[in-house]
1. Please list 343-354, 175-186 highest first by mean number of surrounding beta-carbon atoms within 10 Å per residue.
2. Could you check the spin-label model distance between residue 247 and residue 107? Points 7 Å from the Cα along Cα→Cβ, value in nm.
3. Over all alpha-carbon pairs in the range 167-290, figure out the percentage whose distance exceeds 23 Å.
4. I'd like the FRET efficiency for residue 60 and residue 471, computed as 1/(1 + (r/R0)^6) with the beta carbon distance as r and R0 of 45 Å, rounded to 0.05.
5. Can you check what the net charge comes to around residue 68, using other residues whose Cβ is under 12 Å from the Cβ of residue 68 (Lys, Arg +1; Asp, Glu -1)?
6. In sequence order, what are the phi-derived ³J(HN,Hα) couplings for the range 223-235 according to the Karplus relation 6.51 cos²θ - 1.76 cosθ + 1.60 with θ = phi - 60°, rounded to whole Hz, with x for glycine and proline?
7. Too long at a 19 Å Cα-Cα cut-off: which of 285/308; 308/486; 107/418?
8. Express in nm, to one decimal, how much length is gained between residue 478 and residue 46 on full extension, taking 0.36 nm for each residue of separation and deducting their alpha carbon distance.
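Rule-based calculations on the coordinates, nothing more; no lab input. Nothing here was measured: the structure is a model prediction, and the numbers come from that model. FYI the Cβ positions are ideal-geometry reconstructions off the backbone, even for glycines, and counts take in every protein chain you see.
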Amino acid sequence: MQNDFEGKQVFVYARVSTTRQERNDLSLPDQISSAERWIDENGAACVRVFSEAGSATDDDRRAFRQMIALAESDEHPVDIILVHSLSRLFRNALDFMQYRERLRRRKVRIVSITQAFGDNPAADMAVGMLALFDEYHSAENGKHVRRTMIANAAAGYWNGQTPPLGFRTYVVPQPRGKDRKKLEHDPETVDLVRLIFDTYLHGTAEGPIGITGLAQYLNERGERIRGKRFSISNLHAILTNTAYIGYVMFNRRDSRTGETRPEGEWVPIPVPPIVTEDVFYAARKQMADRDPRMGEAAVKTNTRLLTKLAVCGCGGDGCGAGMMTVTGKSGRYAYYGCAARVKQGPDACQGRRVPMELLDGIVLEAVAEQLTQPERLHALLQSWLDRSATAVAEREDQLKRLRARITQLEGESASVIKLVRNGICSPDDPQIATELNNIRAQRTSAEADIAVLERQLEIGDRRITPAIVSQFGELLRRKLSGPDPKLRREYVHLLVDRVEVGDRDIRISGQNSALQRALVASQTLGAMVPKAERKWRARQGSNL
């Protein structure tokens with residue numbers, strides 16, 4: 001008699017942790033061999049094997065993500081995802097439940113070789129409890145490991161992270177148990193650290209130097225930090241690292257959330273100092289004194305017109321990095337400059353630095369010219385203004401899909417809340433808030449698209465007249481040329497996605513859908529600036 005698995009297409013997923021394996025943990029070859037035997041015994045067919053090393057507390061695993069993407073594709077290449085145990089997939093109950101539901105909608109089953117539960121409501125409850133137990137077991141292991149590492153740090157030993165520049169590890173034999181490690185000066189890089197502090201404080205033969213100039217100076221000398229070029233970020237980390245005056249703070253941050261822990265939980269690990277405290281704190285004071293965000297040189301970036309829009313290069317003559325705000329003469333002059341050049345020097349990119357007022361004016365003039373003329377607006381909105389029967393039918397179909405998507409998102413939200421109510425997940429779990437925020441963002445985007453479609457369909461046989469298009473163009477012109485810099489920025493960021501700045505050309509690009517939303521908002525009494533939710537795209541379940 002044919003079993004439930006005969007003839008089914010199978011993906012095999014095998015995983016081991018990157019940390020020391022538990023005594024009875026199976027290796028990757030053992031897991032794969034066990035899966036192959038299961039496939040032969042059940043008459044199934046192995047389509048592909050995915051294997052990797054990594055933690056199962058989240059989904060940040062390359063092979064796992066690739067497997068899920070293929071399983072959810074329209075080609076439907078798989079019926080079963082086979083694992084040795086459910087903990088190989090996840091040690092987080094919420095993530096497991098969500099992925100199981102996503103796969104179930106694609107008619108893909110998750111099957112554990114060592115945990116056969118069947119396929120019914122009672123089995124679902126058992127699987128949920130097992131996933132919760134796996135998460136609890138992982139959390140308890142994590143707490144035990146953390147306690148051990150804190151005790152190790154309190155005793156003055158290094159826990160195995162990459163040492164700061166200028167240090168290396170050495171082994172300290174122990175009378176019992178595993179040998180431990182401490183830090184000592186690395187003779188190959190310790191003088192480089194002293195050079196960094198000395199050069200920043202006293203400058204070069206050409207005069208004083210800031211962090212940007214210091215990065216360029218070091219890169220031109222051929223200095224590297226673990227094979228990488230120096231930049232503002234890694235030099236700032238060096239100049240503020242207390243390791244160089246004799247202690248490294250362990251347990252400052254939560255490794256999973258990145259949040260800073262209370263100072264009472266920090267554990268100082270003593271290390272041999274490289275610079276004196278006078279030198280270290282003189283460098284810190286100099287950094288504070290030169291900080292352009294302080295004092296008279298302070299600049300407010302919340303009204304910068306092209307922040308996050310401008311990029312270096314147009315037509316292949318730049319590096320594609322973002323352009324950041326740079327200042328001259330203690331903040332009296334403002335520019336947009338290539339971030340790669342600013343942070344790493346001209347070796348990274350020859351780049352360009354454009355006066356902020358000049359580039360802002362060029363972009364505002366171009367956007368106003370291209371988007372406020374009635375003829376141009378009508379051409380850009382032509383597909384939206386199309387009143388043909390085919391266009392109306394397509395809009396009605398799209399509206400149905402969007403409303404179905406809203407219903408689906410409501411179900412996903414309810415499922416997450418149900419996990420909390422049933423005690424499977426804690427309401428304080430940061431992943432709960434993250435998932436609900438993601439669902440909310442997708443729903444906002446879908447609702448905005450629904451508003452546009454409903455407005456189109458409401459018009460019926462009444463066409464958008466030339467007068468309405470002209471009024472809309474005049475509204476845009478007023479907002480783009482008005483005195484309020486925040487409002488100008490809102491409208492530019494609504495209409496423009498990218499500004500590519502080259503030596504000879506500037507390319508400005510945006511989406512017609514933004515114009516459509518703005519037109520709808522302009523026809524609503526008392527409407528504020530319409531918000532474009534570009535982060536989420538309708539009918540897709542992940543952040544693109």
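1. Details: 343-354: 18.5, 175-186: 12.2.
By packing density, highest mean first, the sequence is 343-354, 175-186.
2. Placing both labels 7 Å beyond Cα along the Cβ direction yields 6.4 nm.
3. Values: 3230 of 7626 pairs.
The answer is 42 percent, as a whole percent.
4. 0.35
5. +3
6. 6, 9, 10, 6, x, 9, 6, 6, 9, 4, 5, 6, 6
7. Violating the 19 Å Cα-Cα cut-off are 285/308; 107/418.
8. 149.2 nm
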